[in-house]
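Below is one structure; the comments refer to it alone.
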Amino acid sequence: MNKVNYQIVMEDIIKENVKQDKVPTLLLHSCCAPCSSYCLELLSQYFKVTVFYYNPNIYPEEEYYMRVKEQQRFIKEFPAKNPISFIEGDYDTKRFYDMARGLEKVKEGGERCLKCYEMRLRESAEIAKEKSFDYFTTTLSISPMKKSAVLNQIGEKIQNEVGVSYLFSDFKKKNGYKRSTELSNEYNMYRQYYCGCVFSKRQRDEEIAAKEKAAMEIEN
Ligand code: SF4
């Protein structure tokens, strides 16, 4: 089966809107300011974007608030072609932990993550529907750790269930991830070292400790 290039699918949607002289509204789910940076640089040229910060997966609470603050600061400082708005979702951590029950030990990228993407995308679609946005999408595909095919399939399924158009995308294409690191440096952004939840933090901490131990053993 041929792999779909979701970046090209998005470009075709943009071209069609430009041809019709339309600047549609887009609810962009964002996981953090660094990941949103390149997505906003690109999307704000063609859409009236509202960033939707819905991430009840983030642990601990201080980390959550630090990421929200960075998101708001970037929106304020970035000279976008079309103005960017912001909505903060509920920090309903119970919803995340209920969803993750039984999947606590699954490695990053596994079943818990698929459910985590779906939870955040579904909430975004529902808000997009309620507030009559033309499209919804997410910044998540910019991460080299996240498979765009999986995210786009989830997005398409939710689009059909909720009844609001999903903007297909693969933001890591065309050096999107590289550009996001450049923008993060330019805006002196806080960049976290783990995906977001307590389980991903634990996994990353263990990997760092194992690396340090191995390095010490080589030295001795
Ligand atoms: S590792 Fe990331 S995507 Fe996976 S469950 Fe945790 S926060 Fe969600």
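Values in this text are rule-based calculations from the coordinates and carry no lab data. Source: prediction; values computed, not measured. Methodologically, a virtual Cβ is constructed for each residue, glycine included, from the backbone with ideal geometry; neighbour enumeration extends over all protein chains shown.
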Residue within the stretch 176-191 that is within 18 Å of the chain's Cα centre (by Cα), away from the ligand (no atom under 16 Å from the Cβ) and of a type in the set (A, V, I, L, M, F, W, C) present: yes
Qualifying residues in the stretch 193-210 (those that are of a type outside the set (A, V, I, L, M, F, W, C) and surrounded by fewer than 18 Cβ atoms within 10 Å (Cβ to Cβ)) - the one nearest to Lys76 (Cα to Cα): Tyr193
Some residue of the stretch 140-147 being surrounded by 21 or more Cβ atoms within 10 Å (Cβ to Cβ) and among the hydroxyl-bearing types (Ser, Thr, Tyr): yes
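Can Gly155 be described as within 16 Å of the ligand (Cβ to nearest atom), surrounded by 12 or more Cβ atoms within 10 Å (Cβ to Cβ) and among the small types (Gly, Ala, Ser)?
Working: within 16 Å of the ligand (Cβ to nearest atom): yes; surrounded by 12 or more Cβ atoms within 10 Å (Cβ to Cβ): yes; among the small types (Gly, Ala, Ser): yes.
Spelling it out, Gly155 is indeed within 16 Å of the ligand (Cβ to nearest atom), surrounded by 12 or more Cβ atoms within 10 Å (Cβ to Cβ) and among the small types (Gly, Ala, Ser).
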Residue, nearest to Ser36 (Cα to Cα), within the stretch 107-134, restricted to residues that are more than 14 Å from the ligand (Cβ to nearest atom) and surrounded by 23 or more Cβ atoms within 10 Å (Cβ to Cβ): Ser124
Conditions (1) over 22 Å from Arg204 (Cβ atoms); (2) away from the ligand (no atom under 12 Å from the Cβ); (3) of a type outside the set (A, V, I, L, M): number failed by Gly102: (1)
Qualifying position, being out of contact with any strand residue (DSSP E or B) (no Cβ under 9 Å at 6 or more places or on another chain) and within 24 Å of Lys201 (Cα to Cα), among Lys22, Lys69, Lys15, Lys3: Lys69
